[in-house]
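Throughout, read-outs are computed from the coordinates displayed, never taken from laboratory work. What you see is a predicted model, and the numbers here were worked out from it, not measured in a lab. Note: ideal-geometry Cβ built from the backbone for every residue, glycine included; neighbour counts use all protein chains shown.
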Amino acid sequence: MARPALEVADVFRDHGAAWRHANRGHVSLLQLKVMSAIESCRTAALGGHVARCEDCAYTTIAYNSCRNRHCPKCQGAAARQWMAAREAELLPIAYFHVVFTLPSAIGDIAYQNKAVIYDLLFKASSETMLTIAADPKHLGARIGNDPSSACAHDRAGRWALHR
């Protein structure tokens, strides 16, 4: 597979320092470590090894990878394989993404009482989906409602606040 013209690592190396400075205090240590790993992935910073052809003496350097689970270079192939395996499990039917939003006033309460609030949210959203789907005016059907397919995240898509 040919190397793309622009990679996440290129953007991080070119603009990461300025972005980190502009967002100082709003970026977690884990996020900073991930950025650092991606920036140094497959560069001399992580070392490498030299391969040389014994016949023609052609030499190439292969730099070590960061092996970070968030790195698109290191985990890209694994992610594609995982996604293909999940897609193979899907039934040939339409799927829908449904979002339930907590009012912002409840956000502070949820932050302090995660287990209680999110348990209530998941139960209420599940009951809502089952009730609406069973109504003949809507779908008139009994739907599968797997709670393991639900996730909580904030408006920016961050899951970290809810763990």
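Compared with the dominant Cα axis of the chain, that is its longest principal axis, helix 114-134 is turned about 60°.
Divide the volume of the convex hull around the Cα atoms of the chain by the residue count and you get 196 Å³ per residue. Ignoring lysines fewer than eight residues from LYS137 along the same chain, the ones with Cα atoms less than 28 angstrom from its Cα are LYS123. By other beta-carbon atoms within 10 Å, ranking GLU89, GLU39, GLU127 with the fewest at the front produces GLU89, GLU127, GLU39. State the Cα centre-to-centre distance between region 84-112 and region 1-70 in whole Å. Each part's Cα centre sits 32 Å from the other's. Fully extending the segment from ASP55 to ALA2 would add 16.5 nm, taking 0.36 nm per residue of separation and subtracting the current Cα-Cα distance. Listed by chain and number, the lysines whose C-alpha is less than 29 Å from the C-alpha of LYS33, apart from same-chain residues fewer than 8 away, are LYS73, LYS114. Seen against the Cα atoms of the chain and their longest principal axis, helix 72-89 is set at about 40 degrees.
So what is the calculated 222 nm ellipticity per residue for the chain, using -39500 (n - 2.57) for each DSSP H run with n of 4 or more, over all residues, to the nearest 500 deg cm²/dmol?
Working: 5 runs with 75 residues, N = 163.
Per the formula, -15000 deg cm²/dmol.
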